[in-house]
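Undergrad: Got a structure here, written out as structure tokens. Questions coming.
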């Protein structure tokens, strides 16, 4: 039905007859001459109709926005003064000779080029929203990224192997989506949170190198970079260590960025331990585009009378940290109050500060409500340690370590964004040496920081019995501009070590057999050393597209309430269907009430 896509035609096609199909982006009637901007997934082309051919012109008069057309015409150079440098076809136009209306369209609920349309409306009419050039470009980018990833992995000897969508429920950190079985009354499948156990089994099967671009499902609270169903690039390798994995994977990401965006990422990626990341940035996924850093000052507050600082300074689980904001003294009291409200989201009870007006004047050059509570020695120490300069502002966090890290870690990024301190660079980073476990006060037990199958460092195996809290894992996360885009580890391949780790997590032998029996049995039959990682494909493309949410790079996403406005899912189902699945309708209705 067409010889070209809309944006494929240029000055080289002048005087040629071409045919297009697409949607009407805009129709303009300029005193007897009708201009139609025709759009398809490649872009737009301007088609001109004059009254010379009455039947065709009469058809053009009927055309409205979003009509679907088939156009035939001759390419010609645009008249001087009418060139459009913003269009790939801006040098030419098509003099229409034939026009067929393939389908009419009602007035759409929003204009395609209206960037301020509410997201709820765009998601309800997603098929219209996806016609927008911006969305078309994002879908093309996603395709290009997937193609580049596949090509790299194929070239490096990986096998593309599918794993089951219907499996058994296993504790992996989030709630499972359950699927009732019609054949096995009262039993349920679970949709996979990840193919973690299956890809380990593939290594035990001798597949050596596996990958899969796979859908994963997690029933968890949503945010900008989370969806109940998402896409993951899943990778696993045998007879390999973490150093080899990181080198191979960062080379892959460098190649993908070069192929799709023509961007050269750092070679090699910088590396940082988990402990250093938390100390300097308050986050295990630090955004290195922001140069602001946290500085510990607890030792300077140990003897002060100001309990807000002295209490956390003397608490082994506490932290007192400062955040210097260059030229931040220009912030008004209202702006500081807004930042105080911001850190309260993360549990901070307040936000102390000192404005540095004139360093040479000592205390007289400083401005803060807390100065009267701090001795000169503490104030001088803070100014020196933070390298405070005239015009700076120093924020403080004092509380439990987790509260201070979360609050100041988020504040450093927000302040940098608000004050224009974020660079435009791409800043990749490997974060390594994560703790194996974290202690949960509520449950009184250890939890795996990553998952129960992550291997401890070989030289620290003894710490599993003597001091689990000091044991580091063989895990690694790839961070890009403050977002974790990939994470993985070397796995436990010895049954005795796996059993010991499960025991530390409070999973006894009976529960372990019930939930992971198939994996534990496989470990008995010659499991190779193996490891891998998984990349969040949606997050990666979101960053590359400079979008604000992964919903903007997914064709049909869910809302933050995990519903689909387009299809109105989830929905109720009929009682007959529920009976087939052995679900008692009355009991279900009672539970819902």
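A short reminder: the numbers here are calculations on the coordinates, not readings from a lab. Not measured: the values here are computed from a predicted model. No Cβ is skipped: glycine too gets one built from the backbone with ideal geometry, and neighbour counts run over all protein chains shown.
Undergrad: I'd like the orientation of helix 401-418 relative to the chain: the angle between its Cα long axis and the longest Cα principal axis, in ° from 0 to 90, rounded to 10.
TA: 40 degrees
Undergrad: What is the packing order of peptides 44-55, 276-287, taking the mean over residues of other C-beta atoms within 10 Å and listing the highest first?
TA: Working: 44-55: 17.8, 276-287: 20.6.
Going by the mean number of other Cβ atoms within 10 Å, highest first, we get 276-287, 44-55.
Undergrad: Which of the peptides 350-362, 199-211, 328-340 is most tightly packed, and how do the rest follow, going by the mean number of other Cβ atoms within 10 Å of each residue? Each step should come with its number before you reach the end.
TA: Working: 350-362: 16.5, 199-211: 19.5, 328-340: 14.3.
Order by mean packing, descending: 199-211, 350-362, 328-340.
Undergrad: Can you tell me the 0 to 90 degree angle between the C-alpha axis of helix 133-155 and the longest principal axis of the chain, rounded to 10?
TA: On a 0 to 90 degree scale, this one is about 60.
Undergrad: Fewest Cβ neighbours within 10 Å first, please rank 91, 424 accordingly. Can you show the working numbers first?
TA: Values: 91 18, 424 5.
Arranged by neighbour count, lowest to highest, 91, 424 become 424, 91.
Undergrad: Compute the angle between helix 242-261 and the longest alpha-carbon principal axis of the chain, please, reported from 0 to 90 degrees and rounded to the nearest 10.
TA: 30 degrees
Undergrad: Please rank 159, 292, fewest neighbouring Cβ atoms within 10 Å first, as an exposure proxy. Let's see the in-between values first.
TA: Working: 159 13, 292 22.
If I rank by nearby Cβ atoms, fewest first, I get 159, 292.
Undergrad: Here is a follow-up. Using Cα pairs under 8 angstrom and six or more residues apart, how large is the relative contact order of the range 6-103, in percent?
TA: Details: 226 pairs, mean separation 33.0, N = 98.
Rounded, it is 34 percent for the range 6-103.
Undergrad: Give me the distance in nm between label points sitting 7 Å out from Cα along the Cα-to-Cβ direction at residue 220 and residue 121, one decimal.
TA: If labels sit at residue 220 and residue 121, their model points lie 3.4 nm apart.
Undergrad: Using 0.36 nm times the number of residues separating residue 64 and residue 389, minus their current alpha carbon distance, what extension gain do you get?
TA: Working: separation 325, 0.36 × 325 = 117.00 nm, distance 6.21 nm.
Full extension of this stretch gives 110.8 nm more.
Undergrad: Rounded, prolate or oblate, given the Cα gyration tensor of the range 181-331, with a/c below 1.5 counting as rounded? Intermediate results must be reported in sequence, preceding the final value.
TA: Working: a/c = 2.35, a/b = 1.65, b/c = 1.42.
Prolate.
Undergrad: With labels modelled as points extended 7 Å from the Cα through the Cβ direction, what inter-label distance (nm, one decimal) is found for residue 439 paired with residue 567?
TA: Using points 7 Å along Cα→Cβ, the separation is 4.7 nm.
Undergrad: Okay, moving on. Normalised by the number of residues in the chain, what is the relative contact order in percent for Cα pairs under 8 Å and 6+ residues apart?
TA: Reported relative contact order: 13 percent.
Undergrad: Is the chain best put as rounded, prolate or oblate by its Cα gyration tensor, with a ≥ b ≥ c the root eigenvalues, rounded for a/c under 1.5, and otherwise prolate when a/b is larger than b/c, oblate when not? Kindly include the intermediate steps, with their values, before the conclusion.
TA: Details: a/c = 2.05, a/b = 1.34, b/c = 1.53.
Cα axes put the chain in the oblate bin.
Undergrad: If you don't mind, there's one more thing I want to ask. Given a Förster radius of 35 Å and the C-beta distance between residue 499 and residue 184 as r, what FRET efficiency does 1/(1 + (r/R0)^6) yield to the nearest 0.05? Display every interim value, and only then the final one.
TA: Working: r = 29 Å, r/R0 = 0.84.
Once the sixth-power term is evaluated, E becomes 0.75.
Undergrad: Please give the length that would be gained between residue 376 and residue 525 if that part of the chain were fully extended, namely 0.36 nm times their separation in residues minus their C-alpha to C-alpha distance (nm, one decimal). Please list the in-between numbers first.
TA: Numbers: separation 149, 0.36 × 149 = 53.64 nm, distance 6.73 nm.
Gain in length upon complete extension: 46.9 nm.
Undergrad: Then there is this: What's the ranking of 302-311, 33-42, 569-578 by average number of surrounding C-beta atoms within 10 Å, highest first?
TA: On the way: 302-311: 15.5, 33-42: 19.9, 569-578: 10.1.
Taking the mean over residues of other Cβ atoms within 10 Å, the ranking is 33-42, 302-311, 569-578.
Undergrad: Sticking with this structure for a sec: Can you sort 129, 387 so the residue with the fewest Cβ neighbours within 10 Å comes first?
TA: Numbers: 129 21, 387 10.
The fewest-first ordering by Cβ neighbours comes to 387, 129.
Undergrad: 7 Å from Cα along Cα→Cβ at both residue 162 and residue 143: what's the point-to-point distance in nm?
TA: Simple spin-label model gives 2.1 nm for this pair.
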